[in-house]
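Below is one structure, written out as structure tokens, with a few remarks after it.
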Amino acid sequence: MLNNKKILIMFGIILPLLYSLQKQIDLSPERRGRIEDMKYLPSGRFLKGAALAYDEILGDLLWIKTVIYFGEHYLSNKQYEWLSHMLDVSTDLNPYFEYPYEAGGVMLAMETKEIDRSIALFKKGMKNVPQTDKRYWYLPFFLGFDYMYFKKDFAAAARYMEQAARLPGHPEYLPMLVTRLYANANDPEVAIAFLKEIYENTENEDMKRDIDKRIKEIIVERDIRLLEKARNIFRDRYGQYPDTLQELFKSGIINMIPYEPFGGKYYIDQKDGSIHSTMVEERLGVYID
Amino acid sequence: MKIAAIAINTFREAVRDKILYTLLFFAIAMIASSILLGKLVIGDQTKIIKDMGLASISLFGVLIAIFVGIGLVFKEIERKTIYTIIAKPIQRYQFLLGKYLGLILTLVVEVVIMSTGFILLLFYYEPSPDMDILKAILLIFFELMLITSIALLFSSFSTPIMSGVFTLSMYVIGHLTGDLKMLGSKSESAAVKHITEFMYYLLPNLENFNIKAKVVHNIPVSWGYILYAMSYGILYIAIILLISAIIFQRRDFK
Amino acid sequence: MNIIEIKNLSKEFRVGFIMKKIAALTDLNLSVEEGEIFGFIGPNGAGKTTTVKILTGLIYPTSGKAWIFGRDIRDVNIKRDIGFLPENPYFYDYLTAREFLNFYARLFSINKREIIARIDTLLDMVDLLKYKNVQLRRFSKGMLQRIGIAQALINDPKLVILDEPMSGLDPIGRTMIRDIILRMKDQGKTVFFSSHILSDVEMICDRVGMLFNGRLKDIGKLDTLLSTRVKSIEISASLMDDIYMESIKRLAANCILMDEKLFVVVNNETQKDEVLKIIEKGNGQLISLIPRRETLEDLFLKEINYR
């Protein structure tokens, strides 16, 4: 017969066994790479039918998985093979949910450099998300950013930014930015303002660090361009490149040598007269016409 | 011997019940419909057939395990048939075990019938299909046994509707504990981390039995893994049956 | 050794959401001797079924103990020699009569050859032999009750416990069950059965226990139980002179004049004798003298009025 002692002994034996078995199972190759099974993730349009009436919740789950997928790979190998597919499916399942479009679009643009997919996702979001959504303006805003920052299509960028600026909830400076964008699209100041807005709206600390770095890089780019302009004036005036930046300052062409945001210094290469930062090896190509 | 008598009687009840045939009919129909679906797909037809076949075996197995399982003990109490049994020289846990094994026997027959249909279909499409699908079916069967034990546990103290809800929730949760743990591990709160970790090891992890996708895509699954998963299933079932027996031993049949 | 021995048995049920305690059985003491038919009577809800369920292990007592064959009722092995028919039994209706008995036989680990022979004997005894391959779902209430009894006897038990075996049956069915119970007694079995139908109990029981609201009110041999009660005697006589009539009226519990006859009811023998003397003195003619034996029904009603 079952008595209490026997029952306790049985529990005492079986429970630890179960625990260690589960650990063992989790370690086996059959269980690893579970999330990467995304090649079996069918298209969202199929899932919408197959999920019966639970497509929203399925979309939510998939969205959570997507965030985890992104986070894991961000910290490890920075390979995001399935990211855009997962985003596509989860937005198919949850078409009115704004956040996956916004965050997903930013992930695709900033991290994986899949600009076309980012643009497509923002456009899909603008089509599906109701305009009454409080964060709706972010969609044209980031879309405009994509066009400006990566595509250098300033006309398109200005158009979407303008759209964002007409929507409720946009920040106060946005109309001004739009005007400046129309007037002087190729202006690092505009990019810095945008990035600062993105920085404020990002919760992920790693992302924030990344954006902060990007802002500083653009500042470096801006400063270098400024210094290049001054160098050219110097050359036109004296027929030769200056040896040091100090000369530019002494000659009164610039009234100060800009402060390098990474804590380094700007200098002129004696060989070809090009200007560099001690901290940034490669210049950002994107701003150069 | 006494347990076998109860088990055979339970099996006999299930076999003489029309619901079983209805479910079996739908299962076979679904497997057969994979032929049609397969035709719509360009390329790998057998993949669809395997997907559908394994899904049908699993889905209809779960339906039978839950629908029959939740009534297993409750019906005996409600119809007072248990009165005459308990008055016989049989321990209550023997009765419970007999009921459980009876349903397992039913599931064996059901899974064998569906698998036979499924494998015949595969042979029709491929001269020598990969027999690793048998591994997948084996683990599906262990999952079914585990679900049956959970249904029996709830059925030993609760009404069929409540048991059904509970068992179905356990089935869903059992497939999500892995995600639960992962979500928890991303949390900054240590308490959440510990709770999700604890739940992960406490709740039945039904994903252990899910190798369908691997098998369908011919990704090798070692016998070592199968053995681990089966041992996990048997031990978990033992715990559940033990708890059921304790509850069942103490209750009054009013 | 008593076959059943019950000491201070109590059972409380907790009912409803607030788990209110309800006493179903209070401090029951009872013993059943070997070879007797013991009738356990009481109105519905008196606690008869509760007692039976405790004895068969379906529910556990809140306090008190009980022994069967001198062994604690928690010992499963005593059930080898017990047969039990629950109240309003429902059986596995998808089984045929033969499969049904075979199933129960296997719970006792009786060997196969013996099973077959015993099943036929039992089916014959309860007059169902020709229905042995019919599913129970086609059985009438009376047939089910009989197959239930056959089930209770499958292990050739020493003690048979029957809970309301006659309820819901027609007169023929009840006679049949009564005969079967008497036959069990002839075979040396002890029978413990509960009923609220008193005539059945009166006809076949050696001893009865009476249960009201969970308490045992009376227990004993039926004769003594009834004879200790004051019986009434009905006397009818021809009319006499008023003097005599008046003295009879003073003695009698009840006295009426009807159809030129005198009807007198007295409560005991002495009164009867005195009334008869008066009748003799007054030259009256005694027409009839009917002792009215108190029935269980009266006892029952008295108990109910008493509360």
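Couple of notes before you dig in:
- Restricting the stretch C:163-199 to residues that are among the β-branched types (Val, Ile, Thr) and open to solvent by 10 Å² or more (accessible area, probe 1.4 Å), the residue that is farthest from the chain's Cα centre (by Cα): C:Ile172
- Those residues of the stretch C:200-228 which are in contact (Cβ under 8 Å) with a residue 60 or more places away in the chain and open to solvent by 40 Å² or more (accessible area, probe 1.4 Å), in sequence order: C:Glu202, C:Asp206, C:Asn213, C:Arg215, C:Leu216, C:Lys217, C:Ile219
- If you filter the stretch B:178-220 down to residues that are among the aromatic types (Phe, Trp, Tyr) and in contact with a helix residue (DSSP H, G or I) (Cβ under 9 Å, 6 or more places away or on another chain), you find that the one that is nearest to B:Ser58 (Cα to Cα) is B:Phe209.
- Sole exception among (1) modelled with pLDDT of 85 or more; (2) more than 11 Å from chain B (Cβ to nearest Cβ); (3) in contact with a Lys or Arg (Cβ under 9 Å, 6 or more places away or on another chain) for A:Ile25, by number: (2)
- The set of residues in the stretch B:134-155 that are within 20 Å of B:Leu241 (Cβ to Cβ) and within 14 Å of chain A (Cβ to nearest Cβ) comprises B:Leu139, B:Phe142, B:Glu143, B:Leu146, B:Ser149.
- For the stretch C:138-149, the criterion of being in a loop (DSSP other than H, G, I, E, B) and within 14 Å of chain B (Cβ to nearest Cβ) is satisfied by no residue at all.
- Residue within the stretch B:195-204 that is more than 14 Å from chain C (Cβ to nearest Cβ), at pLDDT 90 or above, surrounded by 20 or more Cβ atoms within 10 Å (Cβ to Cβ) and closer than 25 Å to B:Tyr100 by Cβ present: yes
- Of the set (1) more than 12 Å from A:Leu83 (Cα to Cα); (2) part of a helix (DSSP H, G or I), all apply to A:Tyr136 but (2).
- Scanning the stretch C:44-66 for residues that are modelled with pLDDT under 90 and open to solvent by 40 Å² or more (accessible area, probe 1.4 Å) turns up C:Asn44, C:Gly45.
- Look at the stretch B:182-201: where a residue is closer than 16 Å to A:Asp26 by Cα and in contact (Cβ under 8 Å) with a residue 12 or more places away in the chain and a partner is assigned to a loop (DSSP other than H, G, I, E, B) and not basic (Lys, Arg), sitting 6+ places away or on another chain with Cβ atoms under 9 Å, you get B:Thr196/B:Ser187.
- Enumerated helices (runs of 4 or more DSSP H) restricted to the stretch B:145-254, each holding at least 1 residues that are at negative phi and of a type in the set (Ser, Thr, Tyr): B:160-174, B:177-186, B:190-202, B:223-250
- Residue-level check: of (1) open to solvent by 30 Å² or more (accessible area, probe 1.4 Å); (2) away from chain C (no Cβ under 14 Å), B:Arg250 misses just (2).
- The residue list C:Leu129, C:Leu122 contains one member that is farther than 28 Å from C:Phe300 by Cβ, within 25 Å of the chain's Cα centre (by Cα) and away from chain B (no Cβ under 14 Å), which is C:Leu122.
- In the set (1) surrounded by 13 or more Cβ atoms within 10 Å (Cβ to Cβ); (2) at pLDDT 80 or above; (3) not charged (D, E, K, R), the condition left unmet by C:Leu251 is number (2).
- Members of the stretch C:67-94 that are among the aliphatic types (A, V, I, L, M), open to solvent by less than 10 Å² (accessible area, probe 1.4 Å) and more than 7 Å from chain B (Cβ to nearest Cβ): C:Ile68, C:Ile78, C:Leu85
The values are calculated or read from the model by the stated rules, or taken from the named source; none is laboratory data. What you see is a predicted model, and the numbers here were worked out from it, not measured in a lab. We place every Cβ from the backbone using ideal geometry, glycine too, and count neighbours over all the protein chains shown. Ligands, DNA and RNA are stripped out before the accessible areas are found, and what is left, the full protein with its side chains, is counted by its heavy atoms. Shrake-Rupley method; radii C 1.70, N 1.55, O 1.52, S 1.80 Å.
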